[in-house]
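Notes follow once the structure below has been shown.
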Amino acid sequence: MKNIGLSIILLFAVFSFSSCEKEDPKPEYYYSFKVNGVQKEFRLNNDGGITFLESGANRFTLFNMVTGDVLSKNAIIMSFRNMEQIELGQKYIMQNPIMVNGTLSPSLVLIYFDENGKELGATLLQSSNPGALDDCSFKITDFTTEGSVGEFEGVIFDQRDTRPLNQRTPVLITEGKFFLPNFISNL
């Protein structure tokens, strides 16, 4: 009798587990790039993604490429401000400024935290900062229900460097690629 009861419980358990819908596997989100020619490749953690925010005519796009438990290491953060919807395949560059509260500002900034947490970035508009060589760009090459695929690059600098702008040492971010989940929000 015990064996029949145990067999019924086991059959019920097998039937229960086999009838459950299996969740689709999560895509493998990633970002990769070269820093002065050295390849870096990372899998995205749960805090990463692209957030598209709209507030009236203003549009903000935040790229959050983070990995591991320490968000300020091996991370790329880009912030883009514009007035139109992002177009697939269009290259957006930092040095095409945007007017923000009456001040000419970069439309795009890029911050990179290296493996030690050192902060480097492209944050200065060249037309307003003689000697600055800061620059960065991105484009989205594919937009799917799972996420966005794209490319990025930049000429970045140590954010604590206080030397004259034309004496800072550039760090090159090249061959940047990403596949990030999308998040959309209206403010």
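The values are calculated or read from the model by the stated rules, or taken from the named source; none is laboratory data. Model, not experiment: these values are computed from the prediction. Cβ atoms come from the backbone with ideal geometry, glycine included; neighbour counts cover every protein chain shown. Please note that ligands, DNA and RNA were not included when accessible areas were found on the heavy atoms of the full protein model with its side chains. Shrake-Rupley method; radii C 1.70, N 1.55, O 1.52, S 1.80 Å.
Scanning the range 59-71 for residues that are modelled with pLDDT under 90 and within 9 Å of the chain's Cα centre (by Cα) yields no hits at all. The selection criterion, being small (Gly, Ala, Ser) and assigned to a strand (DSSP E or B), does not hold for GLY89. Out of all the residues in the range 40-81, which are of a type in the set (S, T, N, Q), within 24 Å of LEU172 (Cα to Cα) and surrounded by fewer than 18 Cβ atoms within 10 Å (Cβ to Cβ)? Matches in the range 40-81: SER72, SER79. Once the range 16-38 is narrowed to residues that are of a type in the set (S, T, N, Q) and over 25 Å from SER148 (Cβ atoms), the residue that is modelled with the lowest pLDDT is SER16. Close Cβ contacts (under 9 Å, 6 or more residues apart or on different chains) running from residues in the range 31-51 that are in contact (Cβ under 8 Å) with a residue 40 or more places away in the chain and more than 13 Å from ILE76 (Cβ to Cβ) to residues that are of a type in the set (A, V, I, L, M) and open to solvent by 30 Å² or more (accessible area, probe 1.4 Å) comprise ASN36/LEU172; GLY37/LEU172; THR51/LEU62; THR51/ILE184. The listed residues are GLY56, GLY48, GLY117, GLY89, and the only one of them that is within 15 Å of the chain's Cα centre (by Cα) and among the small types (Gly, Ala, Ser) turns out to be GLY48.
Quick check: anything in the range 133-140 open to solvent by less than 40 Å² (accessible area, probe 1.4 Å), of a type in the set (Gly, Ala, Ser), closer than 14 Å to ILE173 by Cβ and modelled with pLDDT of 95 or more? Yes, there is a match, as at least one residue in the range 133-140 is open to solvent by less than 40 Å² (accessible area, probe 1.4 Å), of a type in the set (Gly, Ala, Ser), closer than 14 Å to ILE173 by Cβ and modelled with pLDDT of 95 or more.
Among the residues making up the range 162-185, those that are open to solvent by 40 Å² or more (accessible area, probe 1.4 Å) and more than 22 Å from GLN90 (Cβ to Cβ) are THR162, ARG163, PRO164, LEU165, ASN166, GLN167, THR169, PRO170, LEU172.
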